[in-house]
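Taking it in order: structure first as structure tokens, then the write-up.
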Amino acid sequence: MTKYVIEGGNPLYGNIEISGAKNAAVAILPAALLVDGPCRIENIPQISDVTLILQILRELGASVRTINRTTVEIDCSSVRNQPVPYELARKIRASYYLIGALLGRFGKAEVPPPGGCDLGGRPIDQHIKGFVAMGAQVEVQGGMIRARAKEGRLTGGPVYLDMVSVGATMNIMLSAVRAAGNTVIENAAKEPHIVDLANFLNSMGADIMGAGTDVIKIRGVDRLHGGSYSIIPDQIEAGTYMAAVTAAGGEVLIRNVIPKHLDCITAKLAEMGAEIEEHDDAVLVRRTGPIHRTNIKTMPYPGFPTDMQAQIAAALCLAQGTSVITEGVWDNRYRYVDELRRMGAQIQVDGKVAVIEGVDHLTGAPVRACDLRAGAAMIIAGLAARGRTEVDHIYHIERGYEDIVRKLSAVGADIRLVHEPDEETQKTPQVG
Ligand code: EPU
């Protein structure tokens, strides 16, 4: 078993460099399927979700060349339209972007239903609604989602999303860029990664306007050409380290960020007593005084991101007073609460609302990463707690955080990756 072992109590001092955005990368890499010719993609995060998508692209026949640690060149000229392998697709949520990309390229896609974190029901009806509005027939058969454009190529049309969905907005964009005619997505999501996907596609010759607003207009083009593109920094990775400094105390310069994307997070952490200075492409976070209580409601961008809910909750466990969190996006995103309680947190959950009574201190304990962001919250709690915390099920964390142990160690955290052999005969843990 592999786990993180944290000796809590060290304040954090130094610099942390933020990697490319996971939720942009997992859409932009499949978008390379729509491009005729090589595209060079820079600032790719080294996380397991990205490794899996690159593996799927290779299985489909793409040439994927590693240029350096964060750059790949992908050429999808000889990709074959074949079913996406079940064993790979089921491990990640973002495999749903292969439906939009393959439909857009070949007019046909066969992709297993996606996996990803268990956050309650995660339907993709709005994605399908968009494909159908563009003339696709979609059915689920033999455990596969099979989508086919009736005329061999999708035809642009109006799509009104019943709820703001990041995945549906991006998937419909992917399917629409090479469709015949114009597509208009109304009630679109506005997250920075939506703008990033549109910028990537436009730099390869697509014609997308309005990304970042709730109406996106896409004029279909016949082909996209190769080019070069750099992915934006990860807003949630940056927010996670900002929350870690707020919880553990100290002063850290978080570099390679777009401060504007962090506004919603910065505002809350400032209410909680962190001092935050914005620079051109960095934020300095300092927390020396007490942590103040606050209330949070998660919402689509530019509201407070659901993907920061668990990390902020971990910091609020140590606030003076009572905080209330309302989850406004997912049905079930409080599975981590039982784990925080094991460390002495006082949290009551009723449906989508969590009430946190701040405590004087948390105490280290063995805990589980229930999902990606829940795992990050366990690390934050462990850094701020007294004593030793052991976080297992860390494969969830590795899906979305590049080198988290190295980045935190560099700012003074006592955190180690420990491989423990399962066999009872081998008793000595190996430290890596
Ligand atoms: N929804 C539907 N039908 C749909 C699509 C969404 O009912 O067809 C509902 C969902 O059930 C949810 C809400 O709409 O209640 C929003 O879902 P959305 O489609 O925006 O989420 P997603 O695209 O599946 C992405 C991120 C999540 C992040 C959400 C919200 C990726 C791969 N995942 O999921 O990221 O929480 O947007 O911002 O981009 C994470 O990184 O930890 C993570 C879970």
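Karplus-derived 3J(HN,Hα) values for segment 273-289, using 6.51 cos²θ - 1.76 cosθ + 1.60 with θ = phi - 60°, are x, 7, 9, 10, 10, 8, 10, 4, 10, 8, 10, 9, 10, 9, 9, 10, x Hz; glycine and proline are entered as x. The apolar share of the surface of the chain, taken as the fraction of accessible area on carbon and sulfur atoms (1.4 Å probe, ligands and nucleic acids excluded), comes to 48 percent. For the chain, the longest principal axis of the Cα atoms and the long axis of helix 97-106 meet at an angle of about 20 degrees. Amide H contacts of ASN182: GLY156, GLY220, each under 5 Å away and 5 or more positions distant or on a separate chain (H built 1.01 Å from N in the peptide plane; Pro and chain starts excluded). Between the residues GLN46, ASN182, ILE56, the greatest Cα displacement towards the positive end of the dipole of segment 22-217, with unit charges on the Cβ of Lys, Arg, Asp and Glu, is found for ILE56. Rank GLY328, GLY143, GLY104 by mean-square fluctuation in a GNM of the chain with C-alpha springs under 10 angstrom and give only the top-ranked residue. The residue that fluctuates most here is GLY143. Take the chain with all the other protein chains still there, run a 1.4 Å probe, and you get 38 Å² of accessible area per residue. Between the helical axis of 192-203 and the longest alpha-carbon principal axis of the chain there is an angle of about 30 degrees.
The P(r) of segment 215-340 has a tail past 24 Å containing 35 percent of all C-alpha pairs.
A Cβ-based charge dipole, computed about the Cα centre of the chain with Lys and Arg at +1 and Asp and Glu at -1, lands at about 820 debye. Length gained on full extension, ASP281 to ALA180: 32.4 nm, using 0.36 nm per residue less the C-alpha separation. Seen against the Cα atoms of the chain and their longest principal axis, helix 22-31 is set at about 20 degrees. Among beta bridges identified by DSSP and lying wholly in the chain, the antiparallel ones come to about 70 percent. Taking 18 Å as the cut-off, the amide N atoms of segment 148-189 that come nearer than this to a point 7 Å along the Cα-to-beta-carbon line of ASP207 belong to 154-159, 173-185. Coordinate range of the alpha-carbon atoms in segment 22-217 per principal axis, descending: 41, 37, 35 Å. Using only alpha carbons, segment 170-255 has a radius of gyration to Kirkwood radius ratio (Rg to Rh) of 1.15.
Take each of the peptides 161-167, 47-53, average the number of other beta-carbon atoms within 10 Å over its residues, and list them starting from the highest.
Numbers: 161-167: 17.4, 47-53: 20.9.
So the peptides 161-167, 47-53, ranked by packing, come out 47-53, 161-167.
Starting from the Cα-Cα distance between SER63 and THR2, subtract it from 0.36 nm times their residue separation and give me the gain in nm to one decimal. Can you show the working numbers first?
Values: separation 61, 0.36 × 61 = 21.96 nm, distance 3.23 nm.
Result for the pair: 18.7 nm of gain on full extension.
According to the calculation over all Cα-Cα pairs in the chain, the P(r) per 10 Å bin from zero is 5, 22, 31, 24, 14, 4, 0 %. Annotation: peptides 228-240, 59-71, 271-283, ranked by per-residue average of other Cβ atoms within 10 Å with the highest first, follow the order 228-240, 271-283, 59-71.
The values are calculated or read from the model by the stated rules, or taken from the named source; none is laboratory data. Just so it is clear, the structure is predicted and the values come from calculations on it, not from any experiment. Here Cβ is always computed from backbone atoms with ideal geometry, including for glycine, and neighbour counts include all displayed protein chains. To get the accessible areas, we keep the full protein, side chains included, count just its heavy atoms, and leave off ligands, DNA and RNA. Shrake-Rupley method; radii C 1.70, N 1.55, O 1.52, S 1.80 Å.
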